[in-house]
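Only the coordinates and a few stated rules stand behind these numbers; no lab work does. Everything numeric here is computed off the predicted structure, so don't read it as measured data. Backbone-built Cβ (ideal geometry, glycine too); neighbour counts: all protein chains shown.
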Amino acid sequence: MRFGLGASAYEAVAGVSIDVAAGEFVAIVGPTGCGKSTLLNVVAGLLAPAAGLARVHGRRVAGITAEAGYLFQQDALMPWKTALANVAVALEVGGVATPEARERAKALLARVGLARFLDRYPHQLSGGQRKRVALAQMLIRNPAILLMDEPFGPLDAQTRGMMGDLLLSLWSADRKAVLFVTHDLEEAISLADRVVVMSAGPSSRIMADHRIDLPRPRAINEIRLDAAFHDYRRAIWNDLRDEVMKAYGAQDDVGGRA
Ligand SMILES: Nc1ncnc2c1ncn2[C@@H]1O[C@H](COP(=O)(O)OP(=O)(O)OP(=O)(O)O)[C@@H](O)[C@H]1O
Ligand SMILES: [Mg+2]
């Protein structure tokens, strides 16, 4: 994936090859600016790669990937709509009539623990509650694959753990393929079947791919006490540490020249 043209072009990601099996939960970790969001955007069909291609269910991605649900790094709720309306609209744009869309939105909001908050506007909800609405908004169309970009980033550790448990319980009901980007190595290990480590950019690549054989169902805050969890953490951090240092070094470099 390249941004810009000619001599000023920036090669963000190069030679990346990654397969996600049906029902598999893959977490992507890597230093800031390495190209994690870029990779998700290519799968979502929001960016076209300079070379290579993405396939979803064997079909080449060209234009927006209709089967994908995308949870963005930033909050993307509409401030002028209630929680219920924010979720229902995801169906309405697909042609579902408003009464049915609202019924289904109501049921899903109950599943994410917001039955009592249907009529609240985003500014009347906590950060964790807004993330639950966004999760419902993504899931209501029943997407075949889930793309999640640091969805729980701004939340406190306790709330992140609860959101992780909620996500796993929804995911285990009908397993979809998931690409989950996070800065947080512990979050990656506790959620995923595989943790993929990307190197610092430019020309970021995949430098390690760890299978996480921790038993399911998992409880986020308990799995972290498991001895095997710490072995994974140590092994993956070993891969990640140098890349994180490189990324910070590159930023200092830019700062120094500016
Ligand atoms: N539209 C763009 N034009 C130019 N460069 C871009 C564009 N989008 C991303 N980049 C660059 O590509 C690289 C990868 O960006 P990306 O947003 O994918 O990183 P990231 O791994 O998601 O980082 P973070 O963890 O901070 O979210 C960065 O160096 C970024 O500056
Ligand atoms: Mg990003």
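If you plug each phi of the range 34-41 into the Karplus form 6.51 cos²θ - 1.76 cosθ + 1.60 with θ = phi - 60°, what whole-Hz ³J(HN,Hα) values come out, in order, with x for Gly and Pro?
Once θ is set to phi - 60°, the couplings for the range 34-41 become 7, x, 5, 4, 4, 4, 4, 5 Hz.
Which residues does a label at residue 142 reach in the range 167-182, if reach means a backbone N under 14 Å from a point 7 Å past the Cα toward the Cβ?
174-176
Give the value in nm², to one decimal: projected area of the alpha carbon convex hull of the chain, averaged over all directions.
15.3
Contour minus end-to-end for residue 10 and residue 93, with contour as 0.36 nm per residue of separation and end-to-end as the Cα-Cα distance?
26.3 nm
What order do you get for 98, 159, 38, 65 when you list them from fewest to most C-beta neighbours inside 10 Å?
Result, fewest neighbours first: 98, 159, 38, 65.
Residue 28's amide H: which non-local residues (gap 5+, or another chain) put their own amide H closer than 5 Å, with H modeled 1.01 Å from N in plane and none for Pro or chain starts?
Amide H neighbours of residue 28, under 5 Å, 5+ apart: 180, 181, 182, 196.
Counting pairwise Cα distances across the range 78-143, what percent come out greater than 16 angstrom?
Percentage above 16 Å: 33.
Could you check which residue among 215, 154, 122 shows the biggest mean-square fluctuation in a GNM of the chain with a 10 Å Cα cutoff?
215
Amide H to amide H under 5 Å from residue 56: which residues, 5+ apart in sequence or cross-chain, H placed 1.01 Å off N in plane?
61
Only four residue types carry charge here, +1 at the Cβ of Lys and Arg and -1 at the Cβ of Asp and Glu. Report the dipole size of the chain about the Cα centre in Debye, rounded to the nearest 20.
Once rounded to the nearest 20, the dipole reads 620 debye.
Which FRET efficiency value, to the nearest 0.05, do you get for residue 242 and residue 157 by plugging their Cβ-Cβ distance into 1/(1 + (r/R0)^6) with R0 = 22 Å?
0.30
At q = 0.10, 0.11, 0.18 Å⁻¹, what is the log10 ratio I(q)/I(0) for the range 1-133, with the Debye formula run over Cα points and no solvent?
Relative scattering, expressed as log10 I(q)/I(0), comes to -0.47, -0.56, -1.08.
For a 22 Å ceiling on Cα separation, which of these pairs sit above it: 81/131; 81/176; 106/131?
Violating the 22 Å Cα-Cα cut-off are 81/176.
If each residue's Cβ is checked for other Cβ atoms within 10 Å, how do 171, 80, 237 rank with the fewest at the top?
Ranked by crowding around the Cβ, least crowded first: 80, 237, 171.
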